[in-house]
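Structure, as structure tokens:
The values are calculated or read from the model by the stated rules, or taken from the named source; none is laboratory data. Keep in mind it's a predicted model, so treat the numbers as computed, not measured. Ideal geometry is used to build each Cβ from the backbone, glycine not excepted, and the neighbour counts take in all protein chains shown.
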Amino acid sequence: MALEINGTEDIRVFCTQAAHRAANKIIPILMYSELALSHCTDPQIQKYLEYIRGSAEELRTLVVECKQRLRDEQS
């Protein structure tokens, strides 16, 4: 779904919505990778799952930072 951006306020709305949607997608990745790690005994698969979980954590941190900056700008 494309959003026509006509100004600063549209960009803020778009970024706020995108951050919220991204956060909702990250949570299951974190949860399922942790669940899989707790049941996995194969060291190579554990390595992959740790990479997935670590990447999702980094993305989650970026999303939180973006949301905070958007809130700070609105204040």
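Mind listing whichever residues of region 29-51 are surrounded by fewer than 13 Cβ atoms within 10 Å (Cβ to Cβ) and either under 30 Å from residue 12 (Cβ atoms) or of a type in the set (Ser, Thr, Tyr) (or both)?
31, 38, 41, 51
Quick grid of which residues meet (1) part of a helix (DSSP H, G or I); (2) exposed (fewer than 10 other Cβ atoms within 10 Å of the Cβ); (3) out of contact with any Lys or Arg (no Cβ under 9 Å at 6 or more places or on another chain):
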residue: 11; (1), (2), (3): yes, no, yes
residue: 27; (1), (2), (3): yes, no, no
residue: 53; (1), (2), (3): yes, no, yes
residue: 57; (1), (2), (3): yes, no, yes
residue: 65; (1), (2), (3): yes, no, yes
residue: 72; (1), (2), (3): yes, yes, yes
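Just a yes or no: is a residue in region 32-41 part of a loop (DSSP other than H, G, I, E, B), out of contact with any Gly (no Cβ under 8 Å at 6 or more places or on another chain), at negative phi and not aliphatic (A, V, I, L, M)? Write out each step before concluding.
Step one: list which residues in region 32-41 are part of a loop (DSSP other than H, G, I, E, B), which gives 40-41.
Now restrict to residues that are out of contact with any Gly (no Cβ under 8 Å at 6 or more places or on another chain): 40-41.
Now drop any that are not at negative phi, which leaves 40-41.
With the extra rule that they be not aliphatic (A, V, I, L, M), the set shrinks to 40-41.
Within region 32-41 (the criterion being part of a loop (DSSP other than H, G, I, E, B), out of contact with any Gly (no Cβ under 8 Å at 6 or more places or on another chain), at negative phi and not aliphatic (A, V, I, L, M)), the answer is yes, since at least one residue qualifies.
Filter region 11-39 for residues that are in contact with an Asp or Glu (Cβ under 9 Å, 6 or more places away or on another chain) and modelled with pLDDT under 95 and give the result.
The initial filter retains those residues of region 11-39 that are in contact with an Asp or Glu (Cβ under 9 Å, 6 or more places away or on another chain), namely 12, 26, 30, 33, 37.
Of everything in region 11-39, just one residue is in contact with an Asp or Glu (Cβ under 9 Å, 6 or more places away or on another chain) and modelled with pLDDT under 95, namely 12.
Let's see how each residue does on (1) among the small types (Gly, Ala, Ser); (2) more than 13 Å from the chain's Cα centre (by Cα):
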site: 11; (1), (2): no, yes
site: 16; (1), (2): no, no
site: 28; (1), (2): no, no
site: 39; (1), (2): no, yes
site: 45; (1), (2): no, yes
site: 55; (1), (2): yes, no
site: 59; (1), (2): no, no
site: 62; (1), (2): no, no
